[in-house]
Amino acid sequence: MAVTRDYTDELIEVAGTRTQVLKGGSGAPLLLLHGAGGNPGWMPYHQAFAQQYTVYAPSHPGYGSSSRPDWIRSMADMAHFYRQFIAQLGLAPVHLMGFSMGGWLAAELAAMCPPYLRSLTLVDAAGLKPEVGEIAELLMVSPDVTKKLRFYDPAQVPDYETLVNRQLTPKEQDVQWRNREMTSRLCWKPYFHNPHLPAYLHGVKTPALIVWGKQDAIIPVNCGELYQQALANATLHVIDRCGHSPALEKPQEFLTVVGAFLAKQ
Amino acid sequence: MAEEIAMLDCFSGGRIISGFVRGTAVESLHGGLDPSENFERFQEAHDLIIKCWTTPGPFRYEGKYYHYRAVNPWVLPVQKPYPDIWFPGTGSPESVVWAAQHQHPYMNLGALVDVTEHWKGVYIDTATQAGFAPGPEHFGYLLRALVADTDEKAIELGRLFMWTEAHRARGPHEHNDPPGDQSREVLKVKISRPTIGTGTVGRKMSYDELRAVNNIIVGSPDTVIKKLTEIIEHLNPGICTSMAMKGRCPIRTSCGPLSYSGEKLSQRCTRSSCNPTRK
């Protein structure tokens, strides 16, 4: 177990799967589900949330140092894993927050086991097929292309060079490759969405906040609107001049709106 | 596919050799399939086809990728238990091991000689562990060989073998090697080695470099016979096939070399002795 000033980095066994979990802070549990690129590590927004909550930031099975069980082949499978994760760690009812592909996962969990959730936050979430625009190709392009699509203006991303644009070590490149393999497995077809998800979400009354970068070039803001329509108790907050990662690109506005929402639940 | 190959075996009076090819990422993509499933799908398809050839129908098949409630082939191959299966590869270790474990002849598609030697050793070791002694029929090598009247003419024509040097297929190069199509370990091996003008990773070798190491063999009949003999005696393949022409070569230009390759070369090659089970 690696311990730093702010958080711990542990490997635990969940549902027979070796799972890497970053954990820090104290308070009610807040479970953060990362996107298709993998666990970003302990970021400034994790640290900010850790002031009020116990933050859990696992690497999904198949990502990072987590093992890849053969039975997890779809987002529904992954949601079942996290249902067991929440139960095993005794986190329910948990504040659940999902980013991009992790947002899709969070939505599936919300539909699967509403009583496990205290709140749901979806940040530029995959999972629904847009009616306007399309989800960008991520699996058949190089990571450099994806990086360019991610932000509206990299210049406004604090610590962009150290947090986002740094050269990966060979070991990190191996991890990135493995992450992309797992993303292919989960998101290939239908591409980054579940056509049945709107039906699954019907009647889910969990308090939900949907946050979206207005200029998201990866998942169109229209998906945020569709999520708001699908969820019974949801608010949509669109951040202008912001791309796919508002937590990095517009951290102050992101933390303010999400913090206020979580405090009310 | 099982029925079509069986049909061909019937038409030919039991002379079909069935080549089972994994296919490339591009083919997975164009089939709408996740490339990371390529090898698993291939293995399951292999098992299902052999079952079609050997198990009376109707039967049910419920695998990971293929689900059929009623499989009932209407034609079976003449050859029993089923036609020979040849498995081609360029250098994926998983593929070589798989071929040996299933006792299928492994056809190396023109990798560099030292790489091919290595994979042949892997095949023999795996076969030994699997409990069978591979024979001459278990190892093959495909190479690019072109014959013309003179060395100079052949060298010039042989440049057409490099027609995929700049691109392996239409479309972005990410379509050729996406994550999951090959294992990370295989890709690292390929990145670390020079390529033979058909890959998208690793250092590309030039036409002249490939000729110098006999990966492309071009020349007059005497030159080609000499080089082919060197390769065959070095690698000891039980099956040696050549690709006599590639790329945009006018048919009239290709006829000469092909006729050389087809008739005169084979006559002069039979004098070579081979010991394919030697590493």
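Throughout, read-outs are computed from the coordinates displayed, never taken from laboratory work. Keep in mind that this is a model prediction, so the values were computed, not measured. As a convention, Cβ positions derive from the backbone with ideal geometry for all residues, glycine included, and neighbour counts pool all protein chains shown.
Based solely on its DSSP helices, what 222 nm [θ] is calculated for chain A when runs of n ≥ 4 H residues each add -39,500 (n - 2.57) and the sum is averaged over all residues, nearest 500 deg cm²/dmol?
Numbers: 10 runs with 96 residues, N = 265.
Helix-only estimate at 222 nm: -10500 deg cm²/dmol.
Just to be sure I understand the model, the point goes 7 Å from the Cα along the line to the Cβ. What's the resulting B:Q101 to B:T150 distance in nm?
About 5.4 nm, to one decimal.
Taking beta carbons within 10 Å but only from partner chains, what does the mean come to for residues A:179-186?
On the way: counts 1, 4, 9, 3, 3, 8, 5, 1.
For this peptide, the per-residue mean of nearby foreign Cβ atoms is 4.
Taking every Cα atom in the stretch B:1-82, find the radius of gyration and the maximum pairwise distance Dmax, and write them in Å.
Gyration radius and largest Cα-Cα distance of the stretch B:1-82: 13.8, 38 Å.
Taking every eigenvalue of the Cα gyration tensor of chain A, multiplying by 5 and rooting it, what semi-axes result, largest first, whole Å?
Working: eigenvalues 102, 98, 81 Å².
Each semi-axis is √(5λ); the values are 23, 22, 20 Å.
Order of A:27-35, B:42-50, B:97-105 by packing, highest average Cβ count within 10 Å first? Don't jump to the answer; show the numbers that get you there.
Working: A:27-35: 23.0, B:42-50: 17.3, B:97-105: 19.6.
Peptide ranking by packing, descending: A:27-35, B:97-105, B:42-50.
Run the reach check for B:K80 against aspartates and glutamates, Cα to Cα strictly under 13 Å, same-chain hits fewer than 8 apart removed. What comes back?
Partners found: B:D9.
Provide A:L163, B:L76 in ascending order of the number of other Cβ atoms located within 10 Å of each residue's Cβ, fewest first.
Values: A:L163 14, B:L76 19.
If I rank by nearby Cβ atoms, fewest first, I get A:L163, B:L76.
Excluding residues on the same chain fewer than 8 positions from A:K250, give the aspartates and glutamates whose Cα lies under 19 Å from its Cα.
Output for A:K250: A:D124, A:D153, A:D159, A:E161, A:D216, A:D240.
How many angstrom separate the Cα center of the stretch B:79-113 from the Cα center of the stretch B:121-183?
12
Enter the mean number of other protein chain beta carbons within 10 Å of the beta carbon of each residue in B:173-184, as an integer. Before the final figure, lay out the partial values.
Numbers: counts 1, 7, 2, 0, 0, 6, 13, 10, 2, 0, 2, 6.
The mean count of partner-chain Cβ atoms within 10 Å per residue comes to 4.
Listing B:C240, A:C113, A:C223, B:C52 from the residue with the fewest other Cβ atoms within 10 Å to the one with the most, what is the order? Before the final figure, lay out each step's value.
Values: B:C240 21, A:C113 17, A:C223 28, B:C52 24.
Lowest count first: A:C113, B:C240, B:C52, A:C223.
Which order do A:I210, A:I72 fall in if you start with the one that has the fewest other Cβ atoms within 10 Å? Don't skip to the end; give the middle numbers.
Details: A:I210 26, A:I72 21.
Going from sparsest to densest Cβ surroundings: A:I72, A:I210.
Cross-link candidates for B:K227: which lysines have Cα within less than 30 Å, leaving aside residues fewer than 8 places away along the same chain?
Here the lysines satisfying the reach criterion relative to B:K227 are B:K120, B:K153, B:K190, B:K204, B:K246, B:K264, B:K279.
Using a simple spin-label model with points 7 Å from Cα along the Cα→Cβ vector, what separation in nm is obtained for A:K264 and A:L168?
Taking the simple label geometry, A:K264 and A:L168 are separated by 3.8 nm.
Quote the relative contact order of chain A in percent (integer), defining contacts as alpha-carbon pairs under 8 Å separated by 6+ residues.
Dividing the mean separation by the residue count of chain A yields 19 percent.
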